[in-house]
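The values are calculated or read from the model by the stated rules, or taken from the named source; none is laboratory data. If you're wondering where the values come from, they're calculated on a predicted model, not measured in any experiment. Virtual Cβ from ideal backbone geometry, glycine too; neighbours counted across all protein chains shown. Note: areas computed on protein heavy atoms with side chains; ligands, DNA, RNA excluded. Shrake-Rupley method; radii C 1.70, N 1.55, O 1.52, S 1.80 Å.
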Amino acid sequence: MSDTAKPSVLFVCVHNAGRSQMAAGFLAHFAADRVEVRSAGSLPAGQVNPTAVAAMAEVGIDIAVASPKVLTAEAVQASDYVITMGCGDACPVYPGRTYLDWSLDDPAGQDLDAVRLIRDEIQRRVRALIAAISTAHI
(Lines give C-alpha, C1' and ligand atoms only; values in the text may rest on other atoms or scores of the structure.)
Protein backbone atom coordinates (compact mmCIF):
# COMPACT_ATOMS: atom_id res chain seq x y z
CA MET A 1 0.00 0.00 0.00
CA SER A 2 1.10 3.60 -0.49
CA ASP A 3 2.60 5.76 2.24
CA THR A 4 -0.83 7.04 3.21
CA ALA A 5 -3.24 5.10 5.43
CA LYS A 6 -5.89 5.02 2.72
CA PRO A 7 -5.62 3.21 -0.62
CA SER A 8 -4.69 5.25 -3.68
CA VAL A 9 -5.68 4.94 -7.32
CA LEU A 10 -4.01 6.41 -10.39
CA PHE A 11 -6.00 6.61 -13.63
CA VAL A 12 -3.83 6.90 -16.74
CA CYS A 13 -4.74 7.60 -20.36
CA VAL A 14 -2.80 9.22 -23.17
CA HIS A 15 -4.03 12.81 -22.91
CA ASN A 16 -5.45 12.82 -19.36
CA ALA A 17 -8.30 14.82 -20.84
CA GLY A 18 -11.26 12.43 -21.00
CA ARG A 19 -11.37 8.86 -19.72
CA SER A 20 -8.96 9.23 -16.82
CA GLN A 21 -10.50 12.55 -15.75
CA MET A 22 -14.02 11.07 -15.79
CA ALA A 23 -12.84 8.03 -13.81
CA ALA A 24 -11.07 10.23 -11.26
CA GLY A 25 -14.19 12.37 -10.95
CA PHE A 26 -16.40 9.35 -10.29
CA LEU A 27 -14.00 7.82 -7.79
CA ALA A 28 -13.58 11.08 -5.87
CA HIS A 29 -17.37 11.50 -5.83
CA PHE A 30 -18.32 7.96 -4.80
CA ALA A 31 -15.44 7.13 -2.44
CA ALA A 32 -15.22 10.63 -0.92
CA ASP A 33 -12.18 10.76 1.32
CA ARG A 34 -11.75 6.98 1.67
CA VAL A 35 -9.49 6.74 -1.41
CA GLU A 36 -6.72 9.00 -2.67
CA VAL A 37 -7.40 9.75 -6.35
CA ARG A 38 -4.85 10.69 -9.03
CA SER A 39 -4.92 10.92 -12.81
CA ALA A 40 -2.23 11.51 -15.41
CA GLY A 41 -1.40 11.11 -19.07
CA SER A 42 1.56 9.94 -21.09
CA LEU A 43 1.09 12.91 -23.46
CA PRO A 44 -1.20 15.32 -21.56
CA ALA A 45 -3.48 17.65 -23.50
CA GLY A 46 -3.75 21.36 -22.82
CA GLN A 47 -7.19 21.06 -21.20
CA VAL A 48 -9.83 18.56 -20.19
CA ASN A 49 -12.11 17.56 -23.07
CA PRO A 50 -15.13 19.94 -22.95
CA THR A 51 -17.49 17.14 -24.05
CA ALA A 52 -16.29 14.98 -21.14
CA VAL A 53 -16.86 17.96 -18.82
CA ALA A 54 -20.42 18.33 -20.18
CA ALA A 55 -21.17 14.60 -19.86
CA MET A 56 -19.98 14.56 -16.25
CA ALA A 57 -21.94 17.72 -15.41
CA GLU A 58 -25.08 15.86 -16.50
CA VAL A 59 -24.56 13.42 -13.62
CA GLY A 60 -23.65 16.14 -11.13
CA ILE A 61 -19.86 15.81 -11.15
CA ASP A 62 -17.74 18.84 -11.98
CA ILE A 63 -14.42 18.06 -13.67
CA ALA A 64 -14.14 21.50 -15.27
CA VAL A 65 -11.53 22.59 -12.75
CA ALA A 66 -9.32 19.55 -13.44
CA SER A 67 -6.21 19.92 -15.56
CA PRO A 68 -4.24 17.29 -17.45
CA LYS A 69 -1.05 16.20 -15.70
CA VAL A 70 2.01 14.37 -16.97
CA LEU A 71 2.50 10.77 -15.88
CA THR A 72 5.48 10.41 -13.56
CA ALA A 73 7.18 7.41 -12.03
CA GLU A 74 6.52 8.99 -8.64
CA ALA A 75 2.76 9.02 -9.22
CA VAL A 76 2.85 5.32 -10.11
CA GLN A 77 5.03 4.47 -7.12
CA ALA A 78 2.68 6.36 -4.78
CA SER A 79 -0.39 4.45 -6.02
CA ASP A 80 -1.77 1.10 -4.91
CA TYR A 81 -3.93 0.69 -8.01
CA VAL A 82 -2.93 1.84 -11.49
CA ILE A 83 -5.75 1.82 -14.03
CA THR A 84 -4.59 2.30 -17.61
CA MET A 85 -6.88 3.29 -20.46
CA GLY A 86 -5.06 3.06 -23.76
CA CYS A 87 -1.64 4.37 -22.75
CA GLY A 88 0.15 1.22 -23.92
CA ASP A 89 3.63 0.67 -22.57
CA ALA A 90 4.06 4.27 -21.39
CA CYS A 91 3.13 3.37 -17.81
CA PRO A 92 6.06 2.16 -15.69
CA VAL A 93 5.49 -1.06 -13.77
CA TYR A 94 6.53 -1.43 -10.14
CA PRO A 95 6.11 -4.45 -7.89
CA GLY A 96 3.38 -4.35 -5.28
CA ARG A 97 0.93 -2.32 -7.38
CA THR A 98 -2.31 -3.66 -8.79
CA TYR A 99 -2.51 -2.90 -12.53
CA LEU A 100 -5.76 -3.01 -14.47
CA ASP A 101 -6.24 -2.10 -18.11
CA TRP A 102 -9.65 -0.75 -19.03
CA SER A 103 -10.26 -0.93 -22.75
CA LEU A 104 -12.48 2.09 -23.39
CA ASP A 105 -13.13 4.26 -26.43
CA ASP A 106 -11.37 7.62 -26.39
CA PRO A 107 -13.92 10.45 -26.09
CA ALA A 108 -11.68 12.80 -28.12
CA GLY A 109 -13.56 14.02 -31.18
CA GLN A 110 -16.77 12.20 -30.23
CA ASP A 111 -20.17 13.78 -29.80
CA LEU A 112 -21.99 14.02 -26.48
CA ASP A 113 -24.11 10.90 -27.10
CA ALA A 114 -20.96 8.78 -27.64
CA VAL A 115 -19.24 10.31 -24.61
CA ARG A 116 -22.28 9.53 -22.46
CA LEU A 117 -21.86 5.83 -23.28
CA ILE A 118 -18.17 5.99 -22.35
CA ARG A 119 -19.03 7.89 -19.16
CA ASP A 120 -21.63 5.31 -18.15
CA GLU A 121 -19.17 2.43 -18.70
CA ILE A 122 -16.52 4.25 -16.66
CA GLN A 123 -19.06 4.77 -13.88
CA ARG A 124 -19.87 1.05 -13.86
CA ARG A 125 -16.19 0.13 -13.67
CA VAL A 126 -15.42 2.68 -10.95
CA ARG A 127 -18.25 1.29 -8.81
CA ALA A 128 -16.81 -2.23 -9.25
CA LEU A 129 -13.34 -0.91 -8.40
CA ILE A 130 -14.65 0.67 -5.19
CA ALA A 131 -16.18 -2.66 -4.20
CA ALA A 132 -12.86 -4.42 -4.84
CA ILE A 133 -10.89 -1.80 -2.92
CA SER A 134 -13.37 -1.94 -0.05
CA THR A 135 -12.90 -5.68 0.20
CA ALA A 136 -9.10 -5.35 0.17
CA HIS A 137 -8.49 -2.14 2.13
CA ILE A 138 -11.40 -0.34 3.68
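Okay, here's what the table says:
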{"read-out": "Rounded to the nearest 20 debye, dipole of the chain from Cβ charges on Lys, Arg, Asp, Glu", "value": "260 debye"}
{"read-out": "Cα long-axis angle, helix 19-31 against the chain (0 to 90 degrees, to the nearest 10)", "value": "60 degrees"}
{"read-out": "Two-decimal ratio, region 66-121, of alpha-carbon radius of gyration to 2.2 N^0.38 Å", "value": "1.32"}
{"read-out": "Computed log₁₀ I(q)/I(0) - Debye formula, equal Cα scatterers, no solvent, the chain, q 0.10, 0.11, 0.12 Å⁻¹", "value": "-0.28, -0.34, -0.41"}
{"read-out": "Cα lying deepest toward the dipole's positive end in the chain, options Leu71, Ser134, Phe30, charges on Cβ", "value": "Ser134"}
{"read-out": "Solvent exposure of the chain as accessible area per residue, Å², 1.4 Å probe", "value": "48 Å²"}
{"read-out": "Value of [θ]222 nm, deg cm²/dmol, for the chain, DSSP H segments ≥ 4, -39500 (n - 2.57) each, nearest 500", "value": "-12000 deg cm²/dmol"}
{"read-out": "Dipole of region 35-138, positive end: most advanced residue of Tyr81, Val115, Ala54 [Cβ charges, Cα centre]", "value": "Tyr81"}
{"read-out": "Largest to smallest accessible area among Ser103, Ser20, Ser134 [probe 1.4 Å]", "value": "Ser103, Ser134, Ser20"}
{"read-out": "Accessible carbon and sulfur surface of the chain relative to its total accessible area, %, 1.4 Å", "value": "53 percent"}
{"read-out": "Acute angle (nearest 10 degrees) that the helix 112-136 long axis makes with the longest principal axis of the chain, alpha-carbon atoms", "value": "10 degrees"}
{"read-out": "Karplus-derived HN-Hα couplings along region 45-60 (A = 6.51, B = -1.76, C = 1.60, θ = phi - 60°), whole Hz, x at Gly and Pro", "value": "6, x, 7, 6, 4, x, 6, 5, 4, 5, 5, 6, 4, 4, 9, x"}
{"read-out": "Scaled radius of gyration (Cα, divided by 2.2 N^0.38 Å) that region 1-74 gives", "value": "1.08"}
{"read-out": "Amide H within-cut-off set for Phe11, under 5 Å, with H built and near neighbours excluded", "value": "Arg38, Ser39, Ala40, Ile83"}
{"read-out": "Nonlocal amide H pairs with Asp101, under 5 Å, H built at 1.01 Å", "value": "Thr84"}
